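Take a look at the structure set out below.
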Amino acid sequence: MTLEQTNILICPSCGAENIEGTDTCENCLMDLRTADLPKTKQLASTSDFLEPIGALRLRPVMTTTPDASVESVVATLRTDSSGAVVILENERIIGIFTERDVLKKVAGYPDRLQHPVSEYMTPDPVVLRDEDTMATALNKMGDGGFRHIPYVREGKLVGMLTGREVMNWLMSKYFD
């Protein structure tokens, strides 16, 4: 298997290097989404961070429908250690509901337990695809403050990358 090269975006404002896919410059916070085609350069093609996400063993995903009650989804979260449930509608990802959503949006409001989870989920979550590398995944997790990112293959949900899997990957690559 050959590893793909990852582009580094050069900020047109300050010249700082940013991982491709970054929305804002890590150095000067310039919005890179609207920048005119920033200059790029290639990372070394031997970096472990260029390993495709598809090569990892990802945990199975707990799923539910948007009309499921918050109470039933919280019960699912209690029995599963992943900490997140993906909300599907006709096999399409429409949201994610995590332990953080419970704490920030539901805890302290017992009446919300009977509401549909779609009212409190995070809609349209960021996803990872086969062509994404570990560098891309780490960038998406860090940029968005995510601990869970659904993984899709050919438009179908097949797994979930969690902070735990990232730590296990790092430990296996650099601390064995």
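Throughout, read-outs are computed from the coordinates displayed, never taken from laboratory work. All values reported here derive from a predicted model rather than from experimental measurement. For neighbour counting, all protein chains shown are included, and Cβ atoms are generated from backbone atoms with ideal geometry for every residue, glycine included.
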Scalar couplings 3J(HN,Hα) for segment 89-98 by Karplus 6.51 cos²θ - 1.76 cosθ + 1.60 (θ = phi - 60°), nearest whole Hz, x for Gly and Pro, are 10, 6, 6, 9, 6, 10, x, 9, 10, 10
For segment 43-102 and segment 133-157, write down the distance between their C-alpha centroids in whole Å.
10 Å
For n ≥ 4 DSSP H runs only, could you compute -39500 (n - 2.57) per run for the chain, divide by its residues and tell me the 222 nm figure to the nearest 500?
-5500 deg cm²/dmol
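Quick check on segment 41-109: take the gyration tensor over C-alpha atoms, sort the square-rooted eigenvalues as a ≥ b ≥ c, and tell me if it's rounded (a/c under 1.5), prolate or oblate.
In terms of gyration-tensor shape, prolate.
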Any idea what % of Cα-Cα pairs in the chain are farther than 20 Å?
59 percent
Could you work out how far apart the two model spin labels at GLU99 and CYS14 are, taking each label as a point 7 Å from the Cα in the direction of the beta carbon, and quote it in nm?
3.4 nm
Calc'd 3J(HN,Hα), segment 125-134, phi into Karplus 6.51 cos²θ - 1.76 cosθ + 1.60 (θ = phi - 60°), Hz, glycine/Pro = x, comes to x, 5, 10, 10, 10, 3, 6, 6, 9, 4
Compute the FRET efficiency between ARG153 and TYR109 as 1/(1 + (r/R0)^6), taking r as their Cβ-Cβ distance and R0 = 25 Å, and round to the nearest 0.05.
0.10
For segment 112-176, which GluC sites (Glu not before Pro) are in a loop by DSSP, counting at most 14 other Cβ atoms within 10 Å?
GLU131, GLU154
Filtering GluC sites (Glu not before Pro) in segment 59-112 by DSSP loop and by at most 10 other Cβ atoms within 10 Å leaves GLU91
Across segment 157-174, in residue order, what do the Karplus-derived ³J(HN,Hα) couplings come to in whole Hz, using 6.51 cos²θ - 1.76 cosθ + 1.60 with θ = phi - 60° and x for Gly and Pro?
5, 10, x, 9, 8, 10, x, 5, 5, 4, 5, 4, 5, 4, 5, 5, 7, 10
